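J.: Following this message is one structure expressed as structure tokens.
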Amino acid sequence: MADSYLIDSNILLRISRRGDPVHRIVDSALERLLREDAALYYTHQNIAEFWNVWTRPLDKHGFGLPGETAAREVVKFETMMAFAADSAAVYESWLQLVRDYRVSGVQVHDARLVAAMLVHGIPNLLTLNVADFARYAKLIAAVHPDSFSHAR
């Protein structure tokens, strides 16, 4: 059976912007995963984070793009990936993670992604921010898209 991956919000943002300096690396990694029949997943949180950055003004560290274009990109994600639904089990897993790992501040959002992965049995996270998930290394594998250019 092929691996499965949750696709982090930063990957969704880069695959949607051809002019982004990281687009080529992200595109190559996703193409390879699809060729290998890997199962790709997203969560509601990924979509909310994507929409936030996509539509946030440039002077607030966003892309400053209209919601209509965000909506078109979301349809592409929904077509390309499977949905890992939120649930009471995800909440309980998240609450346990933030307690056990003493997570605070903005990192609580990452813990929610890890919780969804655990509940849905998704062992891998494709992300540009591997270091942000280091504390969960015994639970999930955070994989940088650049690692695919060095493998096989």
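Computed from the coordinates by the stated procedures, all read-outs in this text should not be read as laboratory data. This is a predicted model, so every value here is computed, not measured. Positions of Cβ are backbone-derived with ideal geometry, glycine not excepted, and every protein chain shown enters the neighbour counts.
J.: Which value does Rg/Rh take for the chain over its C-alpha atoms, Rh per Kirkwood?
T.: Values: Rg = 15.1 Å, Rh = 15.9 Å.
That ratio is 0.95, to two decimals.
J.: Out of the trypsin sites (Lys or Arg not before Pro) in region 20-120, which ones are loop residues according to DSSP with at most 11 other C-beta atoms within 10 Å?
T.: Arg102
J.: Give the residues of region 112-152 whose amide nitrogen is closer than 14 Å to a point set 7 Å from the Cα of Ser28 in the direction of its Cβ.
T.: Counting only backbone N, you get 144-152.
J.: Net charge near Thr43: determine it from the other residues with C-beta under 15 Å of the C-beta of Thr43, scoring Lys and Arg +1 and Asp and Glu -1. It would help to have the intermediate numbers written out before the result.
T.: On the way: positive: Arg112; negative: Asp8, Glu49, Glu78, Asp86, Asp110.
Local net charge: -4.
J.: Separate question: Is there a quick way to get the dipole size of region 4-146? I mean about its Cα centre, with the Cβ of Lys and Arg at +1 and of Asp and Glu at -1; what is the value in debye to the nearest 20?
T.: Computed charge dipole of region 4-146: roughly 220 debye.
J.: Calculate for the chain the 222 nm mean residue ellipticity that helices alone would give, adding -39,500 (n - 2.57) per DSSP H run of length 4 or more and normalising by residue count, nearest 500 deg cm²/dmol.
T.: Helix contribution divided over all residues of the chain: -15500 deg cm²/dmol.
J.: Once Lys and Arg get +1 and Asp and Glu get -1 on their Cβ, which of Gly64, Ser87, Ala48 lies farthest toward the positive end of the dipole of region 1-122?
T.: Working it through, the farthest residue towards the positive pole turns out to be Gly64.
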